[in-house]
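Okay, so here's the structure we're looking at.
The values are calculated or read from the model by the stated rules, or taken from the named source; none is laboratory data. Note that the coordinates shown come from a computational prediction; the quantities given were computed from them, not determined experimentally. Cβ placement follows ideal geometry from the backbone for every residue including glycine, while neighbour counts extend to all protein chains displayed. Calculation scope for accessible area: heavy atoms of the full protein, side chains included, ligands and nucleic acids excluded. Shrake-Rupley method; radii C 1.70, N 1.55, O 1.52, S 1.80 Å.
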Amino acid sequence: MTQASIGANFPRGVDLLRNPLLNKGTAFTESERDLLGLRGLLPAPVRTMEQQALRVLANFRSKPDDLEKYLYLIGLQDRNETLFYRFLVDNLEEAMPIVYTPTVGKGCQFFGRVFRRPRGLYISADDKGKVRDLLRNWGHKEVSVILPTDGERILGLGDLGASGMGIPIGKLALYTACAGIHPGKCMPVMIDVGTENEDFLNDPLYLGLKRHRLRGQDYDDLIEEFMSACKEIYPNALIQFEDFANQNAFRLLEQYRHDHCTFNDDIQGTGAVALAGLLSSVRVTGRKITEERVLFLGAGEAATGIGEMIAATMVREGMTESDARLRCWFVDSKGLVVSSRTDLTHHKKPWAHEAPFVKTLAEAIEVIRPTTLIGASGMPATFTPEILQAMARLNDRPVIFALSNPTSKAECTAEAAYVHTEGRALFASGSPFPSVHYQGKTFVPGQGNNVYIFPGVGLGAIATRSKEITDGMFLTAAQTLASMVTPEELATGNLYPSLKRIREVSGRIAVEVAKEAFREGYAQVPEQTDVVALVESLRYEPDYAKYA
Ligand code: NAD
């Protein structure tokens with residue numbers, strides 16, 4: 001417990017109980033109750049945080065469904081953030097699918113209906129010219145992470161407009177729980193530029209601008225105003241772009257990645273986490289990463305982001321870039337991405353290789369003969385039994401990743417992947433699947449969740465005040481993650497470390513990313529010999545401060 005200094009402006013009485021960052025509820029001690037004007041405002045017995053956490057766990061588990069659990073935790077976060085984070089850190093495996101994917105998706109879909117209390121910063125298309133003032137209204141002097149979305153491509157759920165605010169809130173909760181970024185230094189941002197979601201446009205309870213999306217120069221001007229305001233007011237903050245549709249995501253990443261400390265988690269975070277899964281798989285198969293032939297279903301942000309990371313790793317292993325790119329093939333909604341196609345958008349062109357065009361995934365498998373099949377299409381059940389059997393026919397140990405979220409959108413289930421490959425598949429998914437018992441063996445499918453990557457990368461960048469976030473940092477993060485999977489985990493088929501170790505994993509990644517920032521010359525703090533101490537000094541532990 002730390003001793004907090006209490007100045008003249010420190011809130012007292014009801015104001016203190018309503019401040020989620022400072023509130024301790026029934027854990028305020030007798031002397032704190034006297035000092036801070038709390039007498040009579042709380043039940044008499046003083047409780048410990050452990051006793052409070054037990055009550056939270058019992059309440060959480062008593063809720064009839066996941067959406068109710070989500071609402072309960074959001075309510076707790078709004079009342080008492082320290083207790084919320086204590087609970088989250090201590091019950092991460094159980095609570096993560098609630099505060100983040102898949103349940104957060106439901107929370108977003110129902111955002112307008114379940115809204116209780118605002119959290120984060122809302123910037124709308126009508127705020128053009130005033131964005132700096134809005135950022136100044138935030139109230140917290142120090143900001144380490146700013147996480148904006150415009151809600152156009154929420155998880156695999158499409159355009160949820162302003163209802164997408166649940167994503168930055170949930171993701172930043174994971175920043176705090178996994179990396180230990182102080183919750184008061186995290187800023188979720190909704191850039192509300194309208195929506196194309198007709199249900200929301202007609203919904204009286206929708207809490208966003210009821211108009212079609214701002215596009216073109218007006219949109220770019222608003223984003224530019226936001227980015228330059230962030231740089232001016234919070235020059236040390238990392239900006240993580242989240243759930244922008246791909247026509248904006250790739251463009252904005254290219255535009256800002258060298259001028260700001262910024263990255264796009266859907267492209268680069270996904271790339272790194274899937275690469276880590278592949279690096280773990282070669283520890284099992286004994287193949288070299290440069291021997292992999294990867295076929296993707298989908299050619300959007302996730303798939304091409306993964307392709308970039310895999311190709312960059314092959315280049316690190318000595319391949320030329322063009323040879324490395326030739327190891328990655330993509331099937332989009334029209335068919336195999338090949339050079340004869342004239343309908344390819346900018347981000348697909350580096351992957352358009354010389355080959356005959358085929359329309360279906362099944363045909364593409366026969367042409368490419370992949371060792372690894374990665375689904376990031378948002379199209380459920382597209383890895384049919386026949387597709388999985390073909391992968392098993394071509395490979396002794398096929399690698400199958402069904403990354404589409406939420407669970408209902410996965411290209412196949414874990415069970416299907418194991419059953420249709422006679423238990424030989426090395427499988428990972430985007431949303432969690434339970435263990436599978438097949439032919440006397442228990443398989444533990446790993447979750448290629450970006451949460452393994454972004455908190456650590458972010459913490460490493462913040463610790464060094466890195467000018468940029470480079471691909472080299474993501475490669476380092478992926479290698480570090482893969483190296484932390486134990487032989488016991490690999491033996492059960494799990495390509496990722498247990499989520500129980502996520503704080504340790506995030507800390508280790510942060511240290512390696514910080515070292516990379518020093519190596520690459522992007523760090524803006526003096527080079528330190530003890531990088532572990534540098535990173536650890538920034539980590540928040542959810543314990544109550546002592547006020548008296
Ligand atoms: P996106 O919209 O950028 O890309 C989707 C791609 O799928 C497009 O290229 C589209 O052409 C293609 N596609 C659509 N229908 C298809 C079909 N029938 N056959 C083949 N291709 C088809 O979206 P994204 O950001 O790349 O996300 C895709 C999926 O990946 C989502 O479900 C998302 O939840 C998931 N994802 C998972 C993780 C993770 O597991 N860590 C991370 C990010 C995204």
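Is one or more of the residues making up the range 330-341 more than 21 Å from GLY493 (Cβ to Cβ), hydroxyl-bearing (Ser, Thr, Tyr), more than 11 Å from the ligand (Cβ to nearest atom) and in contact with a His (Cβ under 9 Å, 6 or more places away or on another chain)? Can you show your working first?
If we filter the range 330-341 for residues that are more than 21 Å from GLY493 (Cβ to Cβ), which is where we start, we get 330-341.
The next check asks that each one be hydroxyl-bearing (Ser, Thr, Tyr); those that pass are 333, 339-340.
From what's left, more than 11 Å from the ligand (Cβ to nearest atom): 339-340.
Adding the requirement that they be in contact with a His (Cβ under 9 Å, 6 or more places away or on another chain) leaves 339.
Checking the range 330-341: at least one residue is more than 21 Å from GLY493 (Cβ to Cβ), hydroxyl-bearing (Ser, Thr, Tyr), more than 11 Å from the ligand (Cβ to nearest atom) and in contact with a His (Cβ under 9 Å, 6 or more places away or on another chain).
Of the conditions (1) within 16 Å of the ligand (Cβ to nearest atom); (2) touching a residue at least 60 places away in the same chain (Cβ under 8 Å); (3) not in a loop (DSSP other than H, G, I, E, B), ILE400 satisfies every one except a single condition; which number is it?
(2)
Counting only residues that are within 14 Å of the chain's Cα centre (by Cα) and within 15 Å of the ligand (Cβ to nearest atom), which one in the range 148-163 is most open to solvent (accessible area, probe 1.4 Å)?
Here the residue is ARG153.
Look at the range 186-217 and say how many of its residues are closer than 29 Å to ASN449 by Cβ and touching a His at 6+ places or on another chain (Cβ under 7 Å).
Number satisfying all stated conditions: 1.
Return a yes/no flag: does the range 128-139 have any residue that is among the polar types (S, T, N, Q), at pLDDT 95 or above and touching a helix residue (DSSP H, G or I) at 6+ places or on another chain (Cβ under 9 Å).
There is no residue in the range 128-139 that is among the polar types (S, T, N, Q), at pLDDT 95 or above and touching a helix residue (DSSP H, G or I) at 6+ places or on another chain (Cβ under 9 Å).
Within the range 320-395, which helices (runs of 4 or more DSSP H) (wholly inside it) include 3 or more residues that are modelled with pLDDT under 95 and at positive phi? Give the steps one after another, and end with the answer.
Numbers: elements: 321-325, 361-368, 385-394.
Answer list for the range 320-395: none.
Pick from LEU252, LEU278: which is away from the ligand (no atom under 11 Å from the Cβ) and crowded, with 23+ Cβ neighbours inside 10 Å?
It is LEU278.
If you go through the range 342-350 one residue at a time, do you hit one that is away from the ligand (no atom under 12 Å from the Cβ) and open to solvent by less than 40 Å² (accessible area, probe 1.4 Å)?
no
Inside the range 105-127, can you point out the residues that are in a helix (DSSP H, G or I) and of a type in the set (Phe, Trp, Tyr)? Write out each step before concluding.
From the range 105-127, those in a helix (DSSP H, G or I) are 105-109, 111-114, 125-127; that's our starting set.
Selection gives PHE111 alone.
Sort out which residues of the range 360-393 are without any contact (Cβ under 8 Å) to a residue 40 or more places away in the chain and either near the ligand (Cβ under 10 Å from one of its atoms) or aliphatic (A, V, I, L, M) (or both), and write them in order of number. It would help to see each step written out before you state the result.
Taking the range 360-393 and keeping what is without any contact (Cβ under 8 Å) to a residue 40 or more places away in the chain, we get 360, 362-363, 366-367, 380-381, 384-393.
Within the range 360-393, THR360, ALA362, VAL367, PRO380, ALA381, ILE387, LEU388, ALA390, MET391, ALA392 qualify.
Show me the helices (runs of 4 or more DSSP H) found entirely inside the range 209-317 where at least 1 residues are over 30 Å from VAL399 (Cα atoms).
Details: elements: 216-233, 246-256, 270-285, 301-316.
Where helices (runs of 4 or more DSSP H) fall fully within the range 209-317 and carry at least 1 residues being over 30 Å from VAL399 (Cα atoms), they are 216-233, 246-256.
Restricting to the range 87-106, what's the tally of residues that are more than 17 Å from the chain's Cα centre (by Cα) and open to solvent by less than 40 Å² (accessible area, probe 1.4 Å)?
Within the range 87-106, residues that are more than 17 Å from the chain's Cα centre (by Cα) and open to solvent by less than 40 Å² (accessible area, probe 1.4 Å) number 2.
Under 7 Å between Cβ atoms, which residue pairs at least 6 apart in sequence (or on different chains) link something in the range 30-57 that is hydroxyl-bearing (Ser, Thr, Tyr) with a partner that is at pLDDT 95 or above and part of a helix (DSSP H, G or I)?
THR48/ALA27
Between VAL284, VAL294, which is open to solvent by less than 30 Å² (accessible area, probe 1.4 Å), in contact (Cβ under 8 Å) with a residue 60 or more places away in the chain and more than 11 Å from the ligand (Cβ to nearest atom)?
Selected residue: VAL294, the only one of VAL284, VAL294 that is open to solvent by less than 30 Å² (accessible area, probe 1.4 Å), in contact (Cβ under 8 Å) with a residue 60 or more places away in the chain and more than 11 Å from the ligand (Cβ to nearest atom).
Go over the candidates THR342, THR384 one by one and state the one that is more than 28 Å from TYR100 (Cα to Cα) and among the hydroxyl-bearing types (Ser, Thr, Tyr).
None of the others qualify; the one that does is THR342.
For the range 315-334, give me each residue that is open to solvent by less than 40 Å² (accessible area, probe 1.4 Å) and touching a Leu at 6+ places or on another chain (Cβ under 9 Å).
Once the filter is applied, which keeps residues that are open to solvent by less than 40 Å² (accessible area, probe 1.4 Å) and touching a Leu at 6+ places or on another chain (Cβ under 9 Å), the range 315-334 yields CYS328, TRP329, PHE330, VAL331, ASP332.
Examine the range 196-207 for a residue that is touching a helix residue (DSSP H, G or I) at 6+ places or on another chain (Cβ under 6 Å), within 16 Å of the ligand (Cβ to nearest atom) and modelled with pLDDT of 95 or more, and state whether such a residue exists.
So in the range 196-207, the residues touching a helix residue (DSSP H, G or I) at 6+ places or on another chain (Cβ under 6 Å) come out as 197, 200, 205-207.
Filter once more, keeping what is within 16 Å of the ligand (Cβ to nearest atom): 197.
Next, only the ones that are modelled with pLDDT of 95 or more stay: 197.
Within the range 196-207 (the criterion being touching a helix residue (DSSP H, G or I) at 6+ places or on another chain (Cβ under 6 Å), within 16 Å of the ligand (Cβ to nearest atom) and modelled with pLDDT of 95 or more), the answer is yes, since at least one residue qualifies.
Which pairs turn up if I take residues in the range 205-222 that are within 19 Å of GLN255 (Cβ to Cβ) and look for partners that are small (Gly, Ala, Ser) and assigned to a helix (DSSP H, G or I) with beta carbon separation below 8 Å, at least 6 apart in sequence or on another chain?
LEU214/ALA125; ASP218/ALA125; LEU222/ALA125
Does the range 197-226 hold any residues that are in contact with a Lys or Arg (Cβ under 6 Å, 6 or more places away or on another chain) and either of a type in the set (Ser, Thr, Tyr) or open to solvent by 20 Å² or more (accessible area, probe 1.4 Å) (or both), and which are they?
LEU201, LEU205 - these are the residues of the range 197-226 that are in contact with a Lys or Arg (Cβ under 6 Å, 6 or more places away or on another chain) and either of a type in the set (Ser, Thr, Tyr) or open to solvent by 20 Å² or more (accessible area, probe 1.4 Å) (or both).
If I filter the range 64-74 for residues that are under 20 Å from LYS185 (Cβ atoms) and either open to solvent by 10 Å² or more (accessible area, probe 1.4 Å) or in contact with a strand residue (DSSP E or B) (Cβ under 9 Å, 6 or more places away or on another chain) (or both), do I get at least one hit?
So far as the range 64-74 goes, yes, one or more of its residues are under 20 Å from LYS185 (Cβ atoms) and either open to solvent by 10 Å² or more (accessible area, probe 1.4 Å) or in contact with a strand residue (DSSP E or B) (Cβ under 9 Å, 6 or more places away or on another chain) (or both).
Considering every residue within the range 128-143, establish whether at least one is aromatic (Phe, Trp, Tyr), in a loop (DSSP other than H, G, I, E, B) and open to solvent by 20 Å² or more (accessible area, probe 1.4 Å). Full working, then the answer.
The first filter runs over the range 128-143 and keeps only residues aromatic (Phe, Trp, Tyr), leaving 138.
Within this subset, residues satisfying the condition of being in a loop (DSSP other than H, G, I, E, B) are 138.
Next, from what is left, pick out any that are open to solvent by 20 Å² or more (accessible area, probe 1.4 Å): 138.
Taking every residue of the range 128-143 in turn, at least one turns out to be aromatic (Phe, Trp, Tyr), in a loop (DSSP other than H, G, I, E, B) and open to solvent by 20 Å² or more (accessible area, probe 1.4 Å).
Just to be sure, is VAL511 β-branched (Val, Ile, Thr), within 30 Å of SER5 (Cα to Cα) and in contact with a helix residue (DSSP H, G or I) (Cβ under 7 Å, 6 or more places away or on another chain)? Spell out how you get there, then give the answer.
Numbers: β-branched (Val, Ile, Thr): yes; within 30 Å of SER5 (Cα to Cα): no; in contact with a helix residue (DSSP H, G or I) (Cβ under 7 Å, 6 or more places away or on another chain): yes.
Judged against the criteria, VAL511 is not a match.
Could you check the range 491-517 and list, in sequence order, the residues that are part of a loop (DSSP other than H, G, I, E, B), at pLDDT 95 or above and of a type in the set (Ser, Thr, Tyr)?
Matches in the range 491-517: THR492, TYR496.
Each row is one residue, and each column tells you yes or no for (1) of a type in the set (A, V, I, L, M, F, W, C); (2) under 30 Å from GLU504 (Cβ atoms).
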{"position": "SER31", "(1), (2)": "no, no"}
{"position": "VAL56", "(1), (2)": "yes, yes"}
{"position": "LYS69", "(1), (2)": "no, yes"}
{"position": "ASN80", "(1), (2)": "no, yes"}
{"position": "PHE84", "(1), (2)": "yes, yes"}
